[in-house]
Amino acid sequence: MTPKRPEELRKRVKLLTRLFVFGLVVSSATAIPLEAELGWLAQIVGVSSATRVPWDAGLHGWIWQIWMGLRETNTHYPFLAYGTDWLAFGHFVIAIAFVGALRDPVRNAWLFDFGLIACALVMPYALIFGGVRGIPIWWRLIDCSFGVLGAIPRWLCRQWTFELATREETALPSVTAPQQRLKTT
């Protein structure tokens, strides 16, 4: 059911945008201490660094392989972790961009399209490059779910923003607007 009043629409858009920004910030913060996080996860599922778990032993084997790979890599080639530091930075920057949608969702409606495109690109990216890197299909599908789950609030915000613009009789910014203004002057 769509809210009737513009205040309700704005409130819903801002709530979902805040949740989206929160998710980006959390994913940013968790992309940096991967080795420690995997150590905690290994303890939770009962995997020890002293016991080799075969790669194909399901979730336990997968967690053990990733944890040991990160430990070895960080011991011998710590500069490679810089790549995940930049991944975290990218998430932080995207989160900052969505502050514009919090300030004025109608004026910054393009951010919802940007978010939808980014969410859609998660799926081919995870499936293709995950396959190239030997990531199990079940893990790639988990990665794809982030794109699907992220698209839902972006799509709702986009719909509500269009409705808000219509109710407030505000024109949504468009790429063609400057050319149209030039023709009328």
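The values are calculated or read from the model by the stated rules, or taken from the named source; none is laboratory data. From a predicted model like this one, the values you see are computed outputs, not experimental measurements. Positions of Cβ are backbone-derived with ideal geometry, glycine not excepted, and every protein chain shown enters the neighbour counts.
Assorted remarks:
- Put simply, of Leu87, Leu80, Leu102 the only residue that is in a helix (DSSP H, G or I), aliphatic (A, V, I, L, M), within 30 Å of Glu163 (Cα to Cα) and modelled with pLDDT of 90 or more is Leu102.
- Of the criteria (1) exposed (fewer than 14 other Cβ atoms within 10 Å of the Cβ); (2) modelled with pLDDT of 95 or more; (3) not polar (S, T, N, Q), which one Gly46 fails: (2)
- Sole residue being over 24 Å from Leu141 (Cα atoms) and either in contact (Cβ under 8 Å) with a residue 40 or more places away in the chain or touching a Ser or Thr at 6+ places or on another chain (Cβ under 7 Å) (or both), chosen from Ala88, Ala101, Ala29, Ala97: Ala101
- When Ile32 is tested against (1) assigned to a helix (DSSP H, G or I); (2) under 27 Å from Ala101 (Cα atoms); (3) not acidic (Asp, Glu), exactly one condition is not met: (1).
- Taken as a whole, the structure leaves Leu59 outside the set of residues that are modelled with pLDDT of 95 or more, within 25 Å of the chain's Cα centre (by Cα) and either surrounded by 13 or more Cβ atoms within 10 Å (Cβ to Cβ) or not basic (Lys, Arg) (or both).
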